[in-house]
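*Asks:* I have a structure here, written as structure tokens, and I will follow up with some questions on it.
Read the figures in this text as sums done on the coordinates, not as results from a lab. Here the structure is a predicted model, which is why all the values come from computation and not from measurement. Ideal geometry is used to build each Cβ from the backbone, glycine not excepted, and the neighbour counts take in all protein chains shown.
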């Protein structure tokens, strides 16, 4: 026999004896006597027994029902958190890949823009050079035309100078000497001087 059985047996005996004795005292005092039952030392053994039984039942409920459910909830949360972390890492990797692709496309676009700009500069330079050559050629043609006109005008003026010189010489001879000279004589005389 262990100590718990001894305490339980003694508590039953005291309880049986205490009920009759308490009932007599309560009857003698008019129903208002005795100590508050939880604080009555005669009831401690039964209270300890019921405490042990209740604790055992609650322990069994906790061990078989509540703790597995809480464990399941914690496991579910752990799995969900792990999945969320994996999903976040996957999305971060995708974002990094998208950023790298963006940077690569941006670099390619910049290089294409540089090529396009260089091509445009080269084309504009070629067009400007072609326009400059066309203008220079036009100016050269106009210059040669002008030189030809000037040469023609000069030749005409020189021809006119000879004729004016002959006429002027004839007038001077007539006024100074009082005689007349022919144009051929004046031209021969001027030809000798040149």
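*Asks:* Can you give me the C-alpha center-to-center distance between the range 124-171 and the range 47-96, rounded to a whole angstrom?
*Replies:* Value for the Cα centre distance between the two parts: 109 Å.
*Asks:* If Rh is defined by the Kirkwood formula over all Cα pairs and Rg also comes from Cα, what ratio Rg/Rh do you get for the range 80-155?
*Replies:* Working: Rg = 32.1 Å, Rh = 18.4 Å.
Reported Rg/Rh, Kirkwood definition of Rh: 1.74.
*Asks:* Express in nm, to one decimal, how much length is gained between residue 115 and residue 148 on full extension, taking 0.36 nm for each residue of separation and deducting their alpha carbon distance. If you can, show how the numbers build up before the last one.
*Replies:* On the way: separation 33, 0.36 × 33 = 11.88 nm, distance 4.86 nm.
7.0 nm is the gain from fully extending residue 115 to residue 148.
*Asks:* Something else now. From the mean inverse distance of alpha carbon pairs (Kirkwood) and the Cα radius of gyration, derive Rg over Rh for the range 126-193. Mind dumping the intermediate values first?
*Replies:* Numbers: Rg = 22.6 Å, Rh = 15.4 Å.
So for the range 126-193, dividing Rg by the Kirkwood Rh gives 1.47.
*Asks:* Can you tell me how much longer the chain between residue 177 and residue 123 gets when fully stretched, taken as 0.36 nm per residue apart minus their C-alpha distance, in nm with one decimal? Kindly include the intermediate steps, with their values, before the conclusion.
*Replies:* Working: separation 54, 0.36 × 54 = 19.44 nm, distance 7.77 nm.
Stretched out fully, the residue 177 to residue 123 stretch lengthens by 11.7 nm.
*Asks:* In 5 Å bins starting at zero, report the fraction of Cα pairs in the range 38-194 per bin as a rounded %.
*Replies:* 2, 6, 5, 5, 4, 4, 4, 4, 3, 4, 3, 3, 3, 3, 3, 3, 3, 3, 3, 3, 2, 2, 2, 2, 2, 2, 2, 2, 2, 2, 2, 1, 1, 1, 1, 1, 0, 0
*Asks:* What distance in nm separates the simple spin-label points at residue 40 and residue 102, each placed 7 Å from Cα in the Cβ direction?
*Replies:* A separation of 8.1 nm, rounded to one decimal place.
*Asks:* Can you give me the distance in nm between label points at residue 89 and residue 49, each placed 7 Å from the Cα along the Cα-to-Cβ direction?
*Replies:* 6.0 nm
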